[in-house]
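Trainee: Below you'll find the structure I mean.
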Amino acid sequence: MRRSHRMPFGAQFEPGGSVRFRLWAPGAKTVSVCLGEENERRLPLASGNDGWFELVTKQASSGTLYRYQIDDGVKVPDPASRLQPRDVHGPSQVLDPSSFEWDDDDWHGLLWDQAVIYELHVGAFSPSGTFQGVQARLDYLRSVGVNAIELMPVSDFPGRRNWGYDGVFPFAPDTCYGSPDDLKNLVQEAHRKGLMMFLDVVYNHFGPDGNYLRAYAPDFFTNRHRTPWGDGINFDGTRSKVVRDFFIQNALYWIEEYRFDGLRLDAVHAIQDDSHPDILKELARGVREACTPDRHVHLILENFNNSARYLSRNAHGRVCLFDAQWNDDIHHCLHVLLTGESDGYYSDYAQRPLQQLGRCLTEGFAFQGDYSPYHKQNRGEPSRHLPPSAFVSFLQNHDQIGNRAFGERILQLANTEAVRAAMAILLLAPEVPMLFMGEEFGAKTPFLFFCDFEGDLARAVTEGRRNEFQGFAKFGVPDMRERIPDPNADKTFQRSKLNWNEAAGEGNPWPEFYRHLLNLRKQKIVPYLSSLRAGESKFDVIENRGLAVQWPGISGVTLHLLTNLSNEALNAEALFGELLFATHAWAVYSSVRVLPPWFAGWFLEV
């Protein structure tokens, strides 16, 4: 099977072997396409309605390099380029996506409730730092119990290394990771092994280097909305339909042409859109309508605003728009309990972390319209009516490690028993669990913030990164901030690459711990999830040190969690039927059970 997503812009192969070039340039009077490099051929595009320019020609073919020339002046790459072989300032390349032969027609994805997600950075995950490097470890990931791999953004960014959130060509996989066919091979091989593939996409801004849109399409941006990166993207003003279509087509492109099983939309709270329906709803509906009913495609949000309305289900319990949201609240509660840290945004969770954790486990968000003292605003919407599968839980991810000054992982910040208890909670709770690369073998390598900018921009990013931490007591003096690794230094990236020797280390208890819990989740927890009664879960705090949590099911079966998240033993008077898992043995005195420090026990009551 050959697959190509037909887009209303960019370089598109036409029947008969011609190539259609189409660019939206409402700020230009004339547009030409320049083919090749030496002795380049310059062909004018015909002007159409509302800023569109178009040309169909047989003078281009697969592999042809091209740029657009605006008003006989600046030459720019194609914003919808499928390939940037010479980075963001170089020419685009015509690519025939139908040249790749797919053989995964029998793959329809997995149900969302079954998902166990593994987030990774392609460049830092394997020694080669490539799509092929990820592909070589698919069997390993499957053996851990993972069934969904989430790639941090791969769209073309400036330089040789980047987290991916500075991309400027949303349709072009960065060549430092390999070719488009390498990425397709990775997706196809994952499907052969029963693994879903998700991709992190960025629709809230473009990176600071290599974005030429303002030169010919100033309407792409608006000063009516401000974001952390400057003017907002124009999702709701004059000529915004083309802008909206650009991102909707991007979502469909990754799902149809690359066969990704889902997308994670980065920081959608930074998307400002006053239209109805807003871009998030329109994009989600477009994806749902485009996918056949037998294909399971999942959409995930990162959203500081905790907007529960995007996670709604219909009367039959089916997803309407987005399957789930990354739940930062549950991470923050656990982080405070495990480390005692209360700087910065952790201050919102420092007074009542157990109560907030219980609320996350039974209702989704800790902040459901509650006032946030740190952010000085109300945050969130009621979420108790949503099923647990509407929330992705984690103890580590790229942000929560990499946004620390020194990129420390949780095992460098909390004791082993505390981490074991927290992971026993997250991996067996009804919410969808997510791991960050290396977590499953107790990786000691940091994950630092890295990029590869040049000149003044590089200096500004380095200084800005260090100044971000001046509000933390530890970094209140300039000398301490100077110790923060330089994001632009190659050694910062190299230190962030996984050390796979750690995974094979003799006596390492973590791999078997994760395998056991994820197998238990598959065998005992997942079959129970469809019977959960949304909105009826409840929790009790025990002596301000532990939790007793219940998730009742429609068949009369109830899942119980009993936990002690402190350094002192704790008495609990409940017995809950079949023991599924416990981090420790515990003593029994009459009807009272003594829970050791950092204990988590799971029970199934029939």
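Trainee: Testing the spin-label approximation: label points 7 Å from Cα along Cα→Cβ at LYS376 and ARG86. State their distance in nm.
Mentor: Each label point is offset 7 Å from its Cα along the Cβ direction, giving 5.0 nm.
Trainee: Give me the net charge of LEU252's neighbourhood, meaning all other residues with Cβ under 15 Å from the Cβ of LEU252; Lys, Arg count +1, Asp, Glu -1.
Mentor: +2
Trainee: Write down Rg/Rh for the chain, rounded to two decimals, with Rg from the C-alpha atoms and Rh from the Kirkwood relation over Cα pairs.
Mentor: Across the chain, the Cα-based Rg/Rh ratio is 0.98.
Trainee: Same structure, new question: If one computes the Cα centroid of segment 20-83 and of segment 279-351, what distance in Å separates the two points?
Mentor: 39
Trainee: Can you list the residues of segment 24-65 with backbone N under 12 Å from a point 7 Å past the Cα of SER179, pointing along Cα to Cβ?
Mentor: So the set is 63.
Trainee: On to the next question. Taking 0.36 nm per residue of separation and subtracting the Cα-Cα distance, what length does fully extending ALA290 through GLU502 add?
Mentor: The ALA290-GLU502 span can extend by a further 72.0 nm.
Trainee: OK, next. In the neighborhood of GLY455, defined by Cβ-to-Cβ distances under 14 Å, what is the net charge if each Lys or Arg adds +1 and each Asp or Glu adds -1?
Mentor: -4
Trainee: I've got another one for you. Please work out the Kirkwood hydrodynamic radius for segment 333-478, using every pair of different C-alpha atoms, and report it in angstroms with one decimal place.
Mentor: 17.1
Trainee: Can you put LEU183, LEU111, LEU395, LEU354 in order of Cβ neighbours within 10 angstrom, beginning with the fewest?
Mentor: Arranged by neighbour count, lowest to highest, LEU183, LEU111, LEU395, LEU354 become LEU111, LEU354, LEU395, LEU183.
Trainee: Would you give the gap between the C-alpha center of segment 362-437 and the C-alpha center of segment 459-519, rounded to a whole Å?
Mentor: Comparing the Cα centres of segment 362-437 and segment 459-519, I get a distance of 19 Å.
Trainee: Taking only DSSP H segments of four or more residues, each worth -39500 (n - 2.57), what value at 222 nm results for the chain once the sum is divided by all its residues, to the nearest 500 deg cm²/dmol?
Mentor: After summing the helix terms and dividing by the residues of the chain, the value is -6500 deg cm²/dmol.
Trainee: Another question, if that's okay. Could I get the Rg over Rh figure for segment 52-187? Both from C-alpha atoms, Rh via Kirkwood, rounded to two places.
Mentor: 1.03
Trainee: Let me ask another. How would you order 445-456, 334-345 from highest to lowest mean count of nearby Cβ atoms within 10 Å?
Mentor: Final packing ranking: 445-456, 334-345.
Trainee: With viscosity set to 0.890 mPa s and temperature to 25 °C, compute the Stokes-Einstein D of segment 9-84, Rh being the Kirkwood radius across alpha carbon pairs; µm²/s, no decimals.
Mentor: 198
Trainee: Taking the Cα-to-Cβ direction at VAL56 and at VAL74 and moving 7 Å from each Cα, how far apart do the two end points lie in nm?
Mentor: Placing both labels 7 Å beyond Cα along the Cβ direction yields 3.1 nm.
Trainee: Around GLU536, what is the net charge, scoring Lys/Arg as +1 and Asp/Glu as -1 over all other residues with Cβ under 14 Å from its Cβ?
Mentor: Charge balance in the 14 Å sphere: +2.
Trainee: Starting from 0 in steps of 10 Å, tell me what percent of the Cα-Cα pairs of segment 532-605 lands in each bin.
Mentor: All Cα pairs, binned at 10 Å, distribute as 21, 52, 23, 4 percent.
Trainee: Relative contact order of the chain: what whole-number percent is it, with Cα pairs under 8 angstrom and at least 6 residues apart?
Mentor: Worked out over the chain, it gives 10 percent.
Trainee: Calculate, for ARG160 and ASN567, the FRET efficiency according to 1/(1 + (r/R0)^6) with r their C-beta to C-beta distance and R0 51 Å; round to the nearest 0.05.
Mentor: 0.65
Trainee: Which links in LYS184/LYS241; LYS376/LYS474; LYS281/LYS538; LYS281/LYS524; LYS29/LYS281; LYS193/LYS524 stretch past 27 Å when you go from one Cα to the other?
Mentor: From LYS184/LYS241; LYS376/LYS474; LYS281/LYS538; LYS281/LYS524; LYS29/LYS281; LYS193/LYS524, over 27 Å: LYS184/LYS241; LYS281/LYS538; LYS281/LYS524; LYS29/LYS281.
Trainee: Let me ask you something else. If contacts are Cα pairs under 8 angstrom and at least 6 residues apart, what is the relative contact order of segment 10-99 in percent?
Mentor: Dividing the mean separation by the residue count of segment 10-99 yields 28 percent.
Where a number appears in this text, it was derived from the coordinates with a stated rule and is not lab data. What you see is a predicted model, and the numbers here were worked out from it, not measured in a lab. Reconstructed Cβ throughout: ideal geometry from the backbone, glycine too, with neighbour counts over all protein chains shown.
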